[in-house]
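The values are calculated or read from the model by the stated rules, or taken from the named source; none is laboratory data. In this text the structure is predicted, and so the values were computed from the model without any measurement. We place every Cβ from the backbone using ideal geometry, glycine too, and count neighbours over all the protein chains shown. We work out accessible area using only protein heavy atoms, side chains counted, and drop any ligands, DNA or RNA first. Shrake-Rupley method; radii C 1.70, N 1.55, O 1.52, S 1.80 Å.
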Amino acid sequence: METQEKTLEQVLRDGEERFPHIVGLYEWSLNYEGGKGPITLFLDLIGYSQEEIGIPLYDLKNPALGYLELDYLGDALKEYATIGQDAYDFTMEIIDAEGRE
């Protein structure tokens, strides 16, 4: 029996209750070009970029984040600090689902 992988929409919907701030951060980041949104800085801060790619993804020399984006980022980081590995794993689910689309 084949297992069907979740779509990005399903991953986000399934995670809304437990990880509302990470979902919100990701969705807000869709307003940005790739690599310039707050989710990119989040990936750097939680160690994903270094661990998986070997370099930071977000360009701190040209930050494009305002107060609202930093608020989203702060809330997502608090969620990560509270739930740790589960939040990291959920973030990886988002990245994997996004890569399939």
Of the conditions (1) open to solvent by less than 30 Å² (accessible area, probe 1.4 Å); (2) modelled with pLDDT of 95 or more; (3) more than 19 Å from residue 101 (Cβ to Cβ), residue 39 clears all except one; give me its number. (3)
Under 7 Å between Cβ atoms, which residue pairs at least 6 apart in sequence (or on different chains) link something in the range 31-46 that is within 11 Å of residue 69 (Cα to Cα) with a partner that is outside any helix (DSSP H, G or I) and among the aromatic types (Phe, Trp, Tyr)? 41/58
Residue that is surrounded by the fewest Cβ atoms within 10 Å (Cβ to Cβ), among those in the range 49-89 that are more than 14 Å from residue 20 (Cβ to Cβ) and in contact with a Gly (Cβ under 9 Å, 6 or more places away or on another chain): 59
Wholly enclosed helices (runs of 4 or more DSSP H) of the range 27-101 bearing at least 1 residues more than 13 Å from the chain's Cα centre (by Cα): 67-83, 85-100
Taking only pairs six or more apart or across chains, which ones have beta-carbon atoms under 7 Å, a first residue in the range 59-72 that is under 16 Å from residue 27 (Cα atoms), and a second residue that is of a type in the set (Ser, Thr, Tyr) and open to solvent by 90 Å² or more (accessible area, probe 1.4 Å)? none
